[in-house]
Amino acid sequence: MADTAATADTPIVHDTNPSDDGVRRRDFINIAAVSAAGVGGVAVLIPLISQMAPSKDVLAESSTELDVAAIQPGQAIKAVFRKQPLFVRRLTPAEIQAADAVPVGELRDPQTLEERTKPGHTDMLVTMGVCTHLGCVPLGAAEGEVKGEYGGYFCPCHGSHYDTAGRIRKGPAPSNLQVPEYQFTTDTKIVVG
Amino acid sequence: MSFPWARQYQPTNGLMRFLDEKLPLPRLVYNAVGAGYPVPRNLSYFWNFGVLAGFFLMVQIVTGVILAMHYAANAQVAFATTEHIMRNVNWGWMLRYAHANGASFFFIVVYIHIFRGMFYSSYKAPREMIWLLGVVIFLLMMATAFMGYVLPWGQMSFWGAKVITGLFGAIPLVGEPIQIWLLGGFAPDNAALNRFFSLHFLLPFVIAGVVILHIWALHIPGSSNPTGIEVKSESDTVPFHPYYTAKDGFGLGVALLVYCLLLFFSPNLLGHPDNYIEANPLSTPALIVPEWYFYPFYAILRAFTADFFFVPAKLMGVIAMFASILVWFFLPWLDRSPVRSGHYRPLFRKFFWFGLMPCMALLFYLGGAHAEEPYIMLSQIATAYYFLHFLVILPLVSSIERTDPLPTSITAAVLGSDKEAAKGGTASPVAV
């Protein structure tokens, strides 16, 4: 006991070797070792974290081709895009009128019907069938389903109402139904994604 | 820890002496739940629920490990293997029903345990750490139960997973990448199912670990009691064994009776029929609700339908839902009354029984109701009251109320006076 007490108080001369600027070799080794171990440890975290991100097969670009010729005004179809539902709806003139009649400034997520459709195809509304609240599939695409207070879509989970342009009008959802990237390849065919 | 009068472990034979010297496990058990742990003599049946929670954790681990032997976590076959367990595996139906109803009972006893703690202010010094660890256990239980419910890959499993992971999508900027990262895809699919299975298997053992810390922290000050006054002398306590092993044993028998009643006569009462339909990403059930034990928090989540202080409604709901549990972490400091037990706090008691309890009951009901009026408005009122109770009423009441006089000791509360107790001696089981 007496020995250890003595060495604790007295610096061990042969171990320190102070250089001119007062930095001991041991300090350098300590910092270098801990830094190397730290960088190594953090590097190991990268695969551990990124393994959870979508794998290559999930990410593999999937695009969906659709023939929209058969959809009558007032009708809608459900398709699948990246494992999620996609709504394609041909609006009736009355529905277009209803969408255009709304003052854009009063909307929670201000967008006009024109901005949400392709030029020359303003009657063709293509949106994700995924409620922007928590991801349920809204009703209103299939025949006989509730369309909500604004005649578009209605999410039964938490009561979000979308209008005929798929814009959020009432309920907890923060934004309009998402319009995915798509284009018309011919007058009646669209490619989504 | 222990009181100075705690009985000392005495190994009775050579083998036990050998064990005590090399690895004193029997001593640990003796001091934790044996005769070496002195416990207040006046514990009511409300003090049974900690042991019951531990018991149901064991039920879940045993039945869960067995179910995992027959189940496959792959979106192609998960639903089929669940049905395989129900139809083909010997006693599979019982094991799965025991697991599903075991989860419900785990939550029932834990809820009673938590609100016991709130009524008797068991969270107050010197027992804050026990309470904090308890809230951690509850959060872990919620995560485990949620992921377990996804595994059968029925409609409720799928849509529950979608809605709950959608909560993370509410976080500004990073929300959507986090959601995709958590799911390993754009919607719940094989990747999500697999990781949920892995974590659902792991977390119960993490819970068991935190339970050990919870009990360890409990044994430092010792158990609280219905009077809320501390143990002062030996006459205030009885040894855990045989007094409370017997009382807990009786309570366990009653709990098992109710559990078996449900398990064997109405095993699907607390479940949702929709979960016997295989997951279909293109069709949302008419009503998506979580399991009943999440109802109050789900009601709070859904209560926010309009933007609030420039925070989007969706984010606000998520924040409120998490805050409704996180607020429990601050209870030891929000409640300023020097008196613990609700029996001696007349004003607090009124707010507890006529404020918080009806509010919780209402939230339980609303969480399972459709998202329409008048349920939305009622959820908003109940949510507001819930936070009002913890953040305003509790600190205010605990500061202004005049508490009733406390008995001089636990023994005095039970027998009238310490002298009476001295006559009867400490071995008297009368008061227990």
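Here are a few things to note about the model shown:
- Of the Cα atoms belonging to the range B:74-200, the radius of gyration and Dmax stand at 17.9, 53 Å.
- Relative contact order for chain A: 18 percent, from Cα pairs under 8 Å spaced at least 6 residues apart, divided by residue count.
- Dipole check for the range A:58-192: with +1 at the C-beta of Lys and Arg, -1 at the C-beta of Asp and Glu, and the Cα centre as origin, the magnitude is about 320 Debye.
- Positive-end extreme of charge dipole, chain B - chosen from B:H370, B:Y385, B:P221 (charges on Cβ): B:P221
- With 5 Å bins from 0: P(r) over the range B:46-288, alpha-carbon pairs, percent: 1, 6, 12, 15, 16, 15, 12, 9, 7, 4, 2, 1, 0, 0
- Phi-based couplings in Hz for the range A:187-193 (Karplus 6.51, -1.76, 1.60; Gly and Pro marked x): 5, 10, 10, 10, 10, 9, x
- Taking chain B and dividing mean pair separation by its residue count, relative contact order in percent (alpha carbons under 8 Å, at least six apart): 22
- Signed unit charges on C-beta, dipole axis of the protein assembly as shown, positive-most listed residue B:N88, B:T63, B:A75: B:T63
- Taken residue by residue and averaged, Cβ atoms of other chains lying within 10 Å of the Cβ of B:157-164 number 3.
- Angle in degrees between helix B:357-367 and the longest Cα principal axis of chain B, rounded to the nearest 10: 20
- On the basis of the beta-carbon distance and an R0 of 41 Å, B:F310 and B:L199 show a calculated FRET efficiency of 0.70.
- Computed over chain B, the percent of Cα pairs more than 36 Å apart is 35.
- Reachable lysines, given that their alpha-carbon falls under 24 Å from the alpha-carbon of B:K232 and they are not under 8 places away in the same chain: B:K124, B:K247, B:K419, B:K423
- Assuming charge only on the beta carbon of Lys and Arg (+1) and of Asp and Glu (-1), the dipole of the protein assembly as shown about its Cα centre is about 1620 debye to the nearest 20.
- Measuring spread by the Cα atoms of the range B:63-114 yields a radius of gyration and Dmax of 13.0, 40 Å.
- In this label model, A:A37 and A:D57 are separated by 4.0 nm, measuring between points 7 Å along each Cα→Cβ vector.
- Lone cysteines, the protein assembly as shown (no partner Cβ under 4.7 Å): B:C260, B:C359
- Farthest towards the positive end of the charge dipole of chain B, among the residues B:A279, B:Y295, B:F158, is the Cα of B:Y295, using unit charges on the Cβ of Lys, Arg, Asp and Glu.
- Remark: mean inter-chain Cβ contacts per residue of B:282-291 equal 4, using a 10 Å Cβ-Cβ cutoff to other protein chain atoms.
- Two-decimal log10 I(q)/I(0) for the protein assembly as shown, as the Debye equation yields it once each C-alpha is a single scatterer, q = 0.11, 0.12 Å⁻¹: -1.15, -1.27
- Peptides B:60-68, B:252-260 ranked from most to least packed give B:60-68, B:252-260, packing being the mean of other C-beta atoms within 10 angstrom over each peptide's residues.
- Theoretical ellipticity at 222 nm over chain A - DSSP helices of four or more residues, -39500 (n - 2.57) apiece, nearest 500: -7500 deg cm²/dmol
- Under 20 Å between alpha carbons - lysine pairs in chain A that sit 8 or more apart or on different chains: 6
- Applied to the range B:78-93, the Karplus parametrisation 6.51 cos²θ - 1.76 cosθ + 1.60 on θ = phi - 60° returns per-residue 3J(HN,Hα) values of 4, 5, 5, 6, 5, 5, 4, 4, 5, 9, 9, 5, 4, 6, x, 4 Hz, with x for Gly and Pro.
- Per-residue ellipticity at 222 nm from helix content only, as computed over chain B with -39500 (n - 2.57) for each DSSP H run of at least four residues, stands at -18500 deg cm²/dmol.
- Two-site FRET efficiency, B:Q76 against B:S266, from Cβ-Cβ distance with R₀ of 45 Å, rounded to 0.05: 0.90
- On the basis of the beta-carbon distance and an R0 of 22 Å, B:F250 and B:H219 show a calculated FRET efficiency of 0.45.
- In a reduced charge model with +1 at each Lys and Arg Cβ and -1 at each Asp and Glu Cβ, the range B:255-336 shows a dipole moment near 220 debye about its Cα centre.
- Spin-label model distance (nm) - B:F330 vs B:N280, 7 Å beyond Cα toward Cβ: 4.6
- Two-decimal Rg to Rh for the range A:76-189 - Kirkwood Rh, Cα set: 0.93
- Taking a straight line from the alpha carbon of B:K162, these aspartates and glutamates sit under 13 Å away, with near neighbours fewer than eight places off in the same chain left out: B:E176, B:D189.
- Using the Karplus relation 6.51 cos²θ - 1.76 cosθ + 1.60 with θ = phi - 60°, the per-residue 3J(HN,Hα) values for the range B:96-110 come to 6, 5, 4, 6, 5, 6, x, 4, 4, 5, 4, 5, 4, 5, 5 Hz, with x marking Gly and Pro.
- Cα shape, the range B:229-315, gyration tensor, a/c 1.5 rule: oblate
- Amide hydrogen proximity for A:V80: with H placed 1.01 Å from N in the peptide plane, the residues at 5 or more positions away or on another chain lying under 5 Å are A:L86.
Where a number appears in this text, it was derived from the coordinates with a stated rule and is not lab data. Source: prediction; values computed, not measured. Here Cβ is always computed from backbone atoms with ideal geometry, including for glycine, and neighbour counts include all displayed protein chains.
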